[in-house]
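These notes are about the structure you will find just below.
Readers should treat all values here as calculations from the given coordinates under stated rules, not as data from a laboratory. The structure displayed is predicted, hence computed values, not measured ones. Cβ atoms come from the backbone with ideal geometry, glycine included; neighbour counts cover every protein chain shown.
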Amino acid sequence: ADGCTDWSVDYKKYQVLVGEPVRIKCALFYGYIRANYSLAQSAGLSLMWYKSSGPGDFEEPIAFDGTRMSKEEDSIWFRPTVVQDSGLYACVIRNSTYCMKVSISLTVGENDTGLCYNSKMKYFEKAELSKSKEISCPEIEDFLFPFREPEILWYKECKSKTWRSSIVFKKDTLVIREVREDDIGNYTCELKYGFFVVRRTTELTVTAPLTDKPPKLLHPLESKLTIQETQLGSSANLTCRAFFGYSGDVSPLIYWMKGEKFIEDLDDSRVWESDIRVLKEHLGEQEVSISLILDSVEEADLGNYSCYVENGNGRRHASILLHKRELMYTVELAGGLGAILLLLVCLVTIYKCYKIEIMLFYRNHFGAEELDGDNKDYDAYLSYTKVDPDQWNQETGEEERFALEILPDMLEKHYGYKLFIPDRDLIPTGTYIEDVARCVDQSKRLIIVMTPSYVVRRGWSIFELETRLRNMLVTGEIKVILIECSELRGVMNYQEVEALKHTIKLLTVIKWHGPKCNKLNSKFWKRLQYEMPFKRIEPMTNEQVLDVSEQGPFGELQTVSAISMAAATSTALATAHPDLRSTFHNTYHSQMRQKHYYRSYEYDVPPAGTLPLTSIGNQHTYCNIPMTLINGQRPQTKTNREQNPEEAHTNSAILPLLPRETSISSVIW
């Protein structure tokens, strides 16, 4: 109304949950006039209530229904409240000459989803760690009865709780005798008032104890001068970090100075401070930082900069000296060179230890096949000493078995190399030495298996006698792989072996250290594969047992080892010459115990029943073989598939020789 003193909205605001009762008191009687409601009535003043939605809105008189909302002396009672009750309630006292007015705010809210309180209507309390704290149930005076102890229930996070012994309850107060960090949370007190329930929620925040010390500088340190180098023309960033203990609601104070000047007094276009950043915070204690940025550093910018930190307990400072950096530093250069040297040492060590594995990996994935030997028929010529198994002894048996069986089988059947094995593949065309020279010339590698028997019998002598062979070794026309099967020092003729090594231009010596080297993943096979020619081939499986050296008209024939072949030859000679039968008999049966494939054909034997030989003796000898055998022909009366190998051998008058089996050779190839 006109001429009425309006005190606007009172500072006290009422906040309640839907369904709770509330009493709104006219604030004029509690701070604006020196009179209570009874005195005002006796003085002829009347009290009127109005409601509006907000400041400046239209106020309309309130019609009290006397039940849910009623006027009682200087207050309005809501039993209970509804959401529509929110708004401003103005109380006016007046008479004909006097008028005064004040508005009171009421907010009615609903609980947050799943909670027993509204987060916008909470009360707040702070407690220091390890100290005592009391949490009262606020704003419940209007719901207490005189001379009656209130029955109040307490909840934490809206749940009933078994309280520890250091938490006790006194009337409307919860007392925590020694605050812990896990006491942080929301505490709700619940009071029954008639048919209604009144709830108040207080959020407790736990802090560290109030500090009585000044802040602590973490970087730079107070005890020493920190030097930071920069180049002229570049930017520089000076960072100061400090720890602030809990000081109440006071914000940390940290700043930079240069000498006696604040940063604001410097060239603010190039030099400025960043905002204060809180790096860590726990229980009110903070680690903060502030940076000083200098753009395009000039000579005048060099010097001493101090970082200051302070609180109500004191001030500390530490300095950073901004220094011009030289273009190169000895320590940095030495460190860089040391790191490079260490890396090189590591790489060289890895290469030395795993050279073969690395080269095999590269060759298998990125290598190209050798072009130099494209016109050669064989990957390697295998030179070894042939010793009958009956003559193997306990000391040399493993070496002989490796040389005669394991080595050729692995190279041919697993790695897929095409080997020339004289005892198997030599087809006579001229003299023995000429034939060997021709076959070595058609091979990309020469493998010499240096067993004790090979050394004793001077198996390499053929390479010294024939001029062509000697020139190939001396000039490096062929690469030689010398496999030493055992310790040869002390063996007869070993000095000549050392002389031979110095004669060969392209020589690789690989040592075989016994049966442990027979494993597929051993270093021996990797080294040997590395020295052999490279070509992209698929390893042969166990079923693919066709000899790589046997193609063309002999493609149907299966492979046979040197030992089995020797047995076949011996049997043929024994059949043709009865006077030799007893000599060959034991050899044949001992050789046939080995599990190898062999060949036999049925054909008409000349009536004489003899095998015509050019000569028989200790020298290289050739057999005269019928042309039908050389052409791979055989009678069609019974196939090999219809008879087992034993029948094939038993029913034949003699065991005919294939081209690869047509020689009675020396024991050294």
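Each pair of Cα atoms in region 229-271 enters the Kirkwood radius, and Stokes-Einstein at 25 °C and 0.890 mPa s then converts it into a translational diffusion coefficient of 183 µm²/s. Note on region 71-185: semi-axes of the ellipsoid equivalent to its C-alpha gyration tensor, largest first and rounded to whole Å, are 36, 18, 15. For the peptides 307-315, 480-488, 494-502, residues were scored by their other Cβ atoms within 10 Å and the scores averaged per peptide; the highest-first order is 480-488, 307-315, 494-502. Summary of the geometry: region 69-145 and region 248-315, compared by the centres of their Cα atoms, lie 45 Å apart.
Quick check on packing: order 345-354, 81-90 by the mean number of other C-beta atoms within 10 Å, highest mean leading.
Taking the mean over residues of other Cβ atoms within 10 Å, the ranking is 81-90, 345-354.
Three semi-axes describe the equivalent ellipsoid of region 216-322; taken as square roots of 5 times the Cα gyration tensor eigenvalues and ordered largest first, they are 26, 13, 12 Å. Can you find, among PHE147, SER166, CYS189, the residue farthest towards the positive end of the dipole of region 121-205? Put +1 on the C-beta of Lys and Arg, -1 on that of Asp and Glu. Farthest along the dipole direction, towards plus: SER166. Of the peptides 18-30, 173-185, the order by per-residue mean of other Cβ atoms within 10 Å, starting with the highest, comes out as 18-30, 173-185. Summing Cβ point charges (Lys, Arg +1; Asp, Glu -1) relative to the Cα centre of region 121-205 gives a dipole of roughly 220 debye.
Rounded if a/c is under 1.5, else prolate if a/b beats b/c, else oblate: with a ≥ b ≥ c from the C-alpha gyration tensor eigenvalues square-rooted, which is region 483-525?
Numbers: a/c = 5.47, a/b = 1.62, b/c = 3.38.
It comes out oblate by the Cα gyration axes.
In the structure shown, do any of LYS376/LYS418; LYS133/LYS170; LYS131/LYS156; LYS133/LYS216 have a Cα-Cα gap over 18 Å, and if so which? Don't skip to the answer; put the middle values down first.
On the way: LYS376/LYS418 11 Å; LYS133/LYS170 13 Å; LYS131/LYS156 20 Å; LYS133/LYS216 29 Å.
The answer is LYS131/LYS156; LYS133/LYS216.
For region 105-163, just say rounded, prolate or oblate: build the C-alpha gyration tensor, square-root its eigenvalues into a ≥ b ≥ c, call rounded for a/c under 1.5, and beyond that prolate if a/b exceeds b/c, oblate if not. Rounded, because the longest to shortest axis ratio a/c is under 1.5.
Please tell me the relative contact order of region 3-107 in percent, rounded to the nearest whole number, where contacts are Cα pairs under 8 Å and at least six residues apart. Each step should come with its number before you reach the end.
Numbers: 193 pairs, mean separation 45.6, N = 105.
43 percent.
Pairs of Cα atoms nearer than 8 Å and 6+ residues apart set the relative contact order; for region 121-205 it is 43 percent. Of the residues PRO21, ALA43, SER86, the one whose Cα sits farthest toward the positive end of the charge dipole of region 3-107, with +1 on the Cβ of Lys and Arg and -1 on the Cβ of Asp and Glu, is ALA43. Farthest towards the positive end of the charge dipole of region 248-378, among the residues ALA318, SER296, LEU344, is the Cα of LEU344, using unit charges on the Cβ of Lys, Arg, Asp and Glu.
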